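Reviewing the structure listed below.
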Amino acid sequence: MAEDLITIGQIIATHGNKGEVKVYPLTDFPNRFENLDHVFCQVKDQLITLTIKGVRYHKSCVLLDFEEIDDMNKAEQLKMGMLKIRKEDLMPLPEGHYYIFQLLGLKVFTTQGDFLGIVYDIQKTGSNDVYYVRHPETGKEVLIPAVKQFIIEISLSEKKILVKTVPGLLD
């Protein structure tokens, strides 16, 4: 089941002595915690369902209070745990926008039909994302800026991305 869940945060510390935890959000929507009744917490090989009782914000982190956790000792056991949700609990995105997990593993082709490889990582650079693509046989890597100038089409149903190349892009 854990492989079908999407990670949205990591518990990095306890907060106070009543069981609150400090969460580093791994989402573009940190306020999503306010709309969730529960999350799944993966700590090592264990998956725990936790009911959200309270949500607060502190600097760049989210402070969560869970029904099941009522003291610092119990909260300490969750430290470094990954908070996850079901795919159906994802925030809807505008058309033409995708979650990273949806793009990882997609095959990348040029408009000329050449197979460049498979998206294995995506980095946020500030102005735009960059798709890291590796050819499975040759190992050649290509970095493709995620801008309309290069990305012609993304088809989740066909599991592929069509890109336009310009001189220097594939060097």
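The values are calculated or read from the model by the stated rules, or taken from the named source; none is laboratory data. All of these numbers come straight from a predicted model, not from anything done at the bench. So basically every Cβ, Gly included, is an ideal-geometry build from the backbone, and we count neighbours across all protein chains shown.
Here are a few things to note about the model shown:
- Odd one out for Phe109 among (1) loosely packed, with under 15 Cβ neighbours inside 10 Å; (2) among the hydrophobic types (A, V, I, L, M, F, W, C); (3) over 17 Å from the mean Cα position of the chain (by Cα); (4) within 21 Å of Asp129 (Cα to Cα): (1)
- Per the listing Asp114, Asp121, the residue uniquely of a type in the set (D, E, K, R) and within 18 Å of the chain's Cα centre (by Cα) is Asp121.
- Scoring Asn31 on the criteria (1) surrounded by 14 or more Cβ atoms within 10 Å (Cβ to Cβ); (2) within 26 Å of Phe101 (Cα to Cα); (3) at pLDDT below 95 leaves a single failure, condition (1).
- For region 124-171, filtered to residues that are more than 19 Å from the chain's Cα centre (by Cα) and at positive phi, the residue that is modelled with the lowest pLDDT is Gly168.
Yes/no matrix, rows are residues, columns are (1) touching a Gly at 6+ places or on another chain (Cβ under 7 Å); (2) surrounded by 13 or more Cβ atoms within 10 Å (Cβ to Cβ); (3) in contact (Cβ under 8 Å) with a residue 60 or more places away in the chain; (4) acidic (Asp, Glu):
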{"position": "Ile69", "(1), (2), (3), (4)": "yes, yes, no, no"}
{"position": "Gln77", "(1), (2), (3), (4)": "no, yes, no, no"}
{"position": "Ile85", "(1), (2), (3), (4)": "no, yes, yes, no"}
{"position": "Pro92", "(1), (2), (3), (4)": "no, no, no, no"}
{"position": "Ile122", "(1), (2), (3), (4)": "no, yes, no, no"}
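- Residue match in region 107-124 (condition: within 21 Å of Thr7 (Cβ to Cβ), polar (S, T, N, Q) and not assigned by TED's automatic domain parsing to the domain that holds Asp28): yes
- Of the strands (runs of 3 or more DSSP E) contained entirely in region 42-125, those carrying at least 2 residues that are within 20 Å of Pro25 (Cβ to Cβ) fall at 46-58, 61-66, 82-86, 115-124.
- Only one entry of Leu26, Leu5, Leu64 meets the criterion of being crowded, with 17+ Cβ neighbours inside 10 Å and within 23 Å of Asp129 (Cβ to Cβ), and that entry is Leu5.
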